[in-house]
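Heads up, the thing below is written out as structure tokens.
The values are calculated or read from the model by the stated rules, or taken from the named source; none is laboratory data. Since this is a predicted model, take the numbers as computed values, not measurements. Please note: Cβ atoms are built from the backbone with ideal geometry, for glycine as well, and neighbour counts cover all protein chains shown.
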Amino acid sequence: MGKHKLLHQRFAGQYNVVALCVCLSSCGNFVTMGYNTGHVDRYNIQSGIHRATYGKRAHASAVRGVASDGLNQFVISGGNDSKLKFWRFNGKGLLGELTLDAPISQLVLHKESSLLAVSLDNFYVNIIDCEMRRPIRVLGPHGNRVT
């Protein structure tokens, strides 16, 4: 195994930057990382080379979840700013944005159906249709945090 640091140059010398979430692409060649600074970056996992940045700063606050679809067509990022953003996988732009009722706690994508489960800090779970980029179900409230 090689020694690679998956760290963008913008973070050089900054020791308070933390990766809060990661997602391995379906092909296994790339990893997408969301940081406490609101940035989202993609790296080649074998070489450690930075491949894409999603937006100048993807979210106004910490990124709580990232996911990529089964065909590597788009990346989804969810932030503490209550926004769910859909990006082109190649990093060439924002496809859509959805503002939810509360900050996002975590997200899980079912790749075969393109349905995204998003748990929120208000104890609700939203089911999002990624093709249409809109909520199709809202579940909750639950008695405590969704884990």
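Within the group S68, S77, which residue is closer than 26 Å to A12 by Cα and in contact with a Phe, Trp or Tyr (Cβ under 8 Å, 6 or more places away or on another chain)? Outline the logic, then answer.
Working: S68 fails: closer than 26 Å to A12 by Cα.
That would be S77, the only listed residue that is closer than 26 Å to A12 by Cα and in contact with a Phe, Trp or Tyr (Cβ under 8 Å, 6 or more places away or on another chain).
How many residues are of a type in the set (S, T, Y) and free of Cβ contacts under 8 Å to residues at least 40 places away in the same chain when one looks only at the stretch 86-117?
Filtering the stretch 86-117 down to residues of a type in the set (S, T, Y) leaves 99, 105, 113-114.
Narrowing the set further to residues that are free of Cβ contacts under 8 Å to residues at least 40 places away in the same chain leaves 99, 113.
Total meeting the criteria: 2.
Within the stretch 22-43, work out how many residues are surrounded by fewer than 15 Cβ atoms within 10 Å (Cβ to Cβ) and part of a strand (DSSP E or B).
So the answer is 2.
For the stretch 47-57, how many residues are touching a Leu at 6+ places or on another chain (Cβ under 9 Å) and either assigned to a loop (DSSP other than H, G, I, E, B) or without any contact (Cβ under 8 Å) to a residue 12 or more places away in the chain (or both)?
Narrowing the stretch 47-57 to residues touching a Leu at 6+ places or on another chain (Cβ under 9 Å): 48, 50, 54-55.
Imposing the further condition that a residue be either assigned to a loop (DSSP other than H, G, I, E, B) or without any contact (Cβ under 8 Å) to a residue 12 or more places away in the chain (or both) reduces the set to 48, 54-55.
Qualifying residue count, the stretch 47-57: 3.
Please state which one of S68, S47 is among the polar types (S, T, N, Q), surrounded by fewer than 16 Cβ atoms within 10 Å (Cβ to Cβ) and on the phi < 0 side of the Ramachandran plot. Walk me through how you get there before you give the answer.
Numbers: S68 fails: surrounded by fewer than 16 Cβ atoms within 10 Å (Cβ to Cβ).
Testing whether each residue is among the polar types (S, T, N, Q), surrounded by fewer than 16 Cβ atoms within 10 Å (Cβ to Cβ) and on the phi < 0 side of the Ramachandran plot leaves just S47.
Failed condition for T99, given (1) out of contact with any Phe, Trp or Tyr (no Cβ under 7 Å at 6 or more places or on another chain); (2) over 15 Å from L24 (Cα atoms); (3) buried (at least 17 other Cβ atoms within 10 Å of the Cβ); (4) not basic (K, R), with all others met?
(3)
Scan (1) among the hydrophobic types (A, V, I, L, M, F, W, C); (2) surrounded by fewer than 23 Cβ atoms within 10 Å (Cβ to Cβ); (3) under 19 Å from R88 (Cβ atoms) for the single condition A62 breaks and write down its number.
(3)
Please name all residue pairs, on different chains or six or more residues apart, with Cβ atoms under 7 Å, provided the first residue is in the stretch 10-25 and is farther than 16 Å from W87 by Cα and the second residue is part of a loop (DSSP other than H, G, I, E, B).
Close Cβ pairs satisfying both conditions: F11/V17; V17/N36; V17/T37; V18/N36; L20/N36; L20/A62.
Does the stretch 40-54 contain at least one residue that is within 19 Å of S105 (Cα to Cα) and touching a Gly at 6+ places or on another chain (Cβ under 8 Å)? Can you show your working first?
Taking the stretch 40-54 first, the residues within 19 Å of S105 (Cα to Cα) are 40.
So of that shortlist, the ones also touching a Gly at 6+ places or on another chain (Cβ under 8 Å) come out as 40.
Scanning the stretch 40-54, I find at least one residue that is within 19 Å of S105 (Cα to Cα) and touching a Gly at 6+ places or on another chain (Cβ under 8 Å), so the answer is yes.
Identify the residue in the stretch 107-137 that is β-branched (V, I, T) and surrounded by 14 or more Cβ atoms within 10 Å (Cβ to Cβ) and, among all such residues, is farthest from E97 (Cα to Cα). Talk me through it step by step, then tell me what you get.
If we filter the stretch 107-137 for residues that are β-branched (V, I, T), which is where we start, we get 108, 118, 125, 127-128, 136.
Narrowing the set further to residues that are surrounded by 14 or more Cβ atoms within 10 Å (Cβ to Cβ) leaves 118, 125, 127-128.
Working: V118: 14, V125: 18, I127: 15, I128: 12 Å.
Residue satisfying both the conditions and the ranking: V125.
Before we move on, is N80 modelled with pLDDT of 95 or more, of a type in the set (S, T, N, Q), in contact with a Lys or Arg (Cβ under 8 Å, 6 or more places away or on another chain) and closer than 19 Å to D121 by Cα? Spell out the reasoning first.
Values: modelled with pLDDT of 95 or more: yes; of a type in the set (S, T, N, Q): yes; in contact with a Lys or Arg (Cβ under 8 Å, 6 or more places away or on another chain): yes; closer than 19 Å to D121 by Cα: yes.
Yes; evaluated as a whole, the condition is true for this residue.
Of the residues Q106, Q46, only one is among the polar types (S, T, N, Q) and at pLDDT below 95; which? It would help to see each step written out before you state the result.
Details: Q106 fails: at pLDDT below 95.
Going through Q106, Q46 in turn, the sole match is Q46.
Go through the stretch 83-101 and give me each residue that's modelled with pLDDT of 95 or more and in a loop (DSSP other than H, G, I, E, B). Spell out how you get there, then give the answer.
The initial filter retains those residues of the stretch 83-101 that are modelled with pLDDT of 95 or more, namely 83-89, 94-101.
Listed by number, the residues that qualify are F89, L100, D101.
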